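The values are calculated or read from the model by the stated rules, or taken from the named source; none is laboratory data. What you see is a predicted model, and the numbers here were worked out from it, not measured in a lab. In this analysis, Cβ positions are derived from the backbone assuming ideal geometry, glycine residues included, and neighbour counts consider all displayed protein chains. Only protein heavy atoms, including side chains, enter the accessible area calculation; ligands, DNA and RNA are left aside. Shrake-Rupley method; radii C 1.70, N 1.55, O 1.52, S 1.80 Å.
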Amino acid sequence: MSQSVENIKPSYPLFRDQDYKDMLTNKKDNFEEKHPQELIDETFMWTTTVEYQELNFQREALTVNPAKACQPLGAVLCSLGFENTMPYVHGSQGCVAYFRTYFNRHFKEPISCVSDSMTEDAAVFGGQKNMFDGLENCKATYKPDMIAVSTTCMAEVIGDDLNAFIGNSRKEGHIPDDYPVPFAHTPSFVGSHTTGWDNMFEGIARYFTLNYMEDKEVGSNGKINIVPGFETYLGNFRVIKRMLNEMDVGFTMLSDPEEVLDTPADGKFRMYAGGTTMDEMKDAPNAHDTLFLQPWQSTKSLKFAKNTWQHSAPGEKDFKIPMGLDWTDAFLMKVSEISGQEIPESLAKERGRLVDMMTDSHAWLHGKRYALWGDPDFVMGMTKFLLELGCEPIHILANNANKRWKKAMEEILAENPYGANSEVHIGKDLWHMRSLVFTNKPDYMIGNSYGKFIQRDTLYKGEEFEVPLIRIGFPIFDRHHLHRATTLGYEGAMQILTTLVNTELEHLDNKTRGMQTTDYNYDLVR
């Protein structure tokens with residue numbers, strides 16, 4: 001059963017070797033108390049029925065594959081977007097290992113993040129001593145210019161006061177009085193990763209600007225602030241920067257992890273790379289305005305920009321994520337309105353190319369039915385673009401969305417004939433989505449890697465029931481380099497459109513490969 005040096009196999013096809021097959025069969029038969037296969041198949045088939053779906057949608061005390069992550073994960077991503085900053089999680093070591101691994105698997109990059117390793121004694125007596133040692137060791141060992149502190153469940157359940165703990169750390173001499181340590185309370189048992197990103201950003205903005213507004217003047221630096229939100233497509237940072245540069249608009253990207261999450265392999269390790277500087281954060285109130293690219297997930301930060309910076313900071317009613325044709329138009333026109341700069345011919349040509357692509361692909365995408373899930377702003381933008389393409393988004397799910405978002409989604413769908421058969425679900429998980437794709441089959445699913453379990457279940461029922469997964473979202477663990485792709489702007493729309501139409505054409509090829517039986521599609525000889 002041992003591997004051979006001359007022929008090392010990965011798990012597949014290694015586990016198809018007869019000795020492994022025998023071992024696994026023995027394990028199931030003698031140690032797992034396995035139910036008869038007939039009962040398993042009978043139960044499986046029942047879970048694909050309308051009867052089971054009705055029961056599934058009634059459950060309240062159980063979440064299965066939730067289509068969201070916890071708050072500190074978002075706080076870590078936000079912190080990584082600032083120059084020479086170390087994300088610091090006040091909580092157990094296992095939590096931070098999870099956050100780092102999650103991002104490692106998605107970005108294929110080393111992720112720097114520390115914890116103060118709270119254990120049982122901290123759960124009883126509080127974690128202040130852990131923070132004393134943790135902040136001092138973090139500063140001495142990793143030499144960041146800033147430490148951004150967030151919390152996990154343990155710290156929040158026992159009620160640790162970050163402001164007091166950090167203040168006491170200064171008094172006790174563990175960190176200098178002027179050393180930047182912004183913080184945010186990010187309890188994992190409420191909200192999601194997008195809430196954590198928002199809380200951390202608001203905490204950093206508050207630290208650098210709340211008590212320093214006397215000499216600030218809106219518009220005095222001639223820039224626009226761009227706040228990306230929980231954004232894991234690095235191409236989106238690049239496309240927004242490119243479009244604004246082509247417009248000759250001054251801007252500051254507030255939280256910019258583009259470089260640290262995509263460092264080159266040139267023999268040099270970069271614990272820190274790029275990012276928004278502290279001076280840029282301090283200068284943010286002097287901008288003309290602040291645009292939150294994902295306003296549905298930026299509640300606290302939006303409120304802070306309005307009330308403290310005195311920016312208009314358009315919210316979800318007035319500003320949408322710049323995905324697809326219409327909302328990219330709206331983004332550029334809003335930038336033009338604020339800055340006074342004209343939209344250049346280069347972007348007008350790019351828009352025209354997108355329209356040409358949409359026309360070219362219309363015959364293949366028209367009427368195709370999709371199920372999709374993800375974060376609220378992403379799902380809303382994707383739904384809008386699908387409608388523009390003449391597609392039908394029939395199952396729309398955002399676990400971490402609210403009732404106002406659902407109402408806004410239903411209004412968007414009501415304005416378009418392709419949204420007539422759509423259903424919007426909030427607070428639901430991917431086990432709910434599994435029921436939906438069995439009882440009302442779409443052509444494709446759009447979502448993160450966890451959707452592959454649904455695809456495999458639909459295939460298990462039979463090839464005619466299979467619903468292929470198109471991987472767009474977060475996290476993407478089982479494909480490489482998609483995190484460098486773009487989903488925003490005209491460029492992002494082109495990439496999404498290319499993925500959708502070529503997935504359909506590949507699916508058509510797969511269905512018409514039978515020699516003299518199904519090979520009716522003669523694209524190569526037309």
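Is the shape of the stretch 1-112 best called rounded, prolate or oblate, per the rule: a/c under 1.5 gives rounded, else a/b larger than b/c gives prolate, else oblate, with a ≥ b ≥ c the square roots of the Cα gyration tensor eigenvalues? Oblate, because a/c is 1.5 or more while a/b does not exceed b/c.
With the Kirkwood sum run over all distinct C-alpha pairs, the stretch 428-506 has a hydrodynamic radius of 13.4 Å.
Counting residues in the stretch 98-146 as N, plug N into 2.2 N^0.38 Å and put the Cα Rg over that result.
It is 1.39.
Rounded, prolate or oblate: which fits the stretch 391-480, taking a ≥ b ≥ c as square roots of the Cα gyration tensor eigenvalues, rounded meaning a/c under 1.5, else prolate when a/b beats b/c? Prolate shape, in that a/c is at least 1.5 and a/b is the bigger ratio.
Computed about its Cα centre, the charge dipole of the chain is approximately 180 debye, with only Lys, Arg, Asp and Glu carrying charge at their Cβ. Relative to one another, the C-alpha centroids of the stretch 192-221 and the stretch 282-330 are positioned 13 Å apart. If you take the alpha carbon atoms of the stretch 311-414 and fit the smallest convex hull around them, that volume is 105 Å³ per residue. For the stretch 211-276, what is the per residue volume of the convex hull drawn over the alpha-carbon atoms, in cubic angstrom? Looking at the stretch 211-276, the number lands at 132 Å³ per residue. From the alpha carbon centroid of the stretch 49-70 to that of the stretch 347-364 is 39 Å. Diagonalising the gyration tensor over the Cα atoms of the stretch 267-342 and scaling each eigenvalue by 5 before taking the square root yields semi-axes of 25, 18, 14 Å, largest first.
Against the compact-protein benchmark of 2.2 N^0.38 Å, the Cα-based radius of gyration of the stretch 129-252 scales to 1.28.
Between Ile446 and Ala371, Leu372, Trp373, Ile470, the built amide H atoms are under 5 Å apart, and every one of these is 5 or more places off in sequence or on another chain. Annotation note: GluC sites (Glu not before Pro) in the stretch 1-94 located in DSSP loop regions with a Cβ neighbour count of at most 10 within 10 Å are Glu6, Glu32, Glu33, Glu60.
Ranking Thr141, Tyr450, Met515 by how far each Cα lies toward the positive end of the dipole of the chain (charges on Cβ) leaves Met515 at the top. Among the GluC sites (Glu not before Pro) found in the stretch 365-457, those both in a DSSP coil and sparsely packed, with 16 or fewer other Cβ atoms within 10 Å of their Cβ, are Glu415. Selection among Asn211, Pro176, Leu162 by position relative to the dipole of the chain gives Leu162 as farthest towards the positive end (Cβ unit charges, Cα centre).
Among beta bridges identified by DSSP and lying wholly in the chain, the antiparallel ones come to about 5 percent.
Here the average projected area of the convex hull drawn through the C-alpha atoms of the stretch 202-245 stands at 4.2 nm².
The loop-placed GluC sites (Glu not before Pro) in the stretch 294-385, going by DSSP, that have at most 12 neighbouring Cβ atoms within 10 Å of their Cβ come out as Glu342. Pairs of Cα atoms in the chain fall into 20 Å distance bins, from 0 up to the last occupied one, in shares of 20, 50, 27, 3, 0 percent. Averaging Cα coordinates gives a centre for the stretch 131-180 and one for the stretch 71-130; these two points are 12 Å apart. Converting phi to 3J(HN,Hα) with the Karplus coefficients 6.51, -1.76 and 1.60 and the offset θ = phi - 60°, the stretch 384-400 yields 4, 5, 4, 5, 5, 8, x, 8, 10, x, 7, 10, 10, 9, 9, 4, 9 Hz in sequence order, with x at every glycine or proline. Classification of the stretch 224-314 by its C-alpha gyration tensor yields a prolate form. The axis ratio a/c (a ≥ b ≥ c) is 1.5 or more, and a/b outweighs b/c. Where Rh is the Kirkwood radius over the Cα pairs of the stretch 44-89, the temperature 10 °C and the viscosity 1.306 mPa s, what D in µm²/s does Stokes-Einstein return? This corresponds to a translational diffusion coefficient of 113 µm²/s. Counting heavy atoms of the protein chains alone, His288 has an accessible area of about 80 Å² for a 1.4 Å probe.
Here the 3J(HN,Hα) profile of the stretch 477-490, calculated from phi with Karplus coefficients 6.51, -1.76 and 1.60 at θ = phi - 60°, is 9, 9, 9, 10, 6, 5, 5, 8, 6, 10, 10, 9, x, 4 Hz, Gly and Pro shown as x.
Sequence-ordered 3J(HN,Hα) estimates for the stretch 235-245 from the Karplus curve with 6.51, -1.76 and 1.60 and θ = phi - 60° stand at x, 5, 5, 6, 6, 5, 4, 5, 5, 5, 5 Hz, glycine and proline given as x. Based on Cα contacts under 8 Å between residues 6+ apart, the chain shows a relative contact order of 15 percent. Annotation: Cα Rg of the stretch 70-118 relative to the compact-globule expectation 2.2 N^0.38 Å equals 1.04.
Residues whose amide H lies under 5 Å from that of Thr276, counting only those 5 or more places away or on a different chain, are Phe82, Glu83, Ser255, Asp256; hydrogens are built 1.01 Å from N in the peptide plane. With the convex hull of its Cα atoms as the shape, the stretch 128-180 has an orientation-averaged projected area of 3.5 nm².
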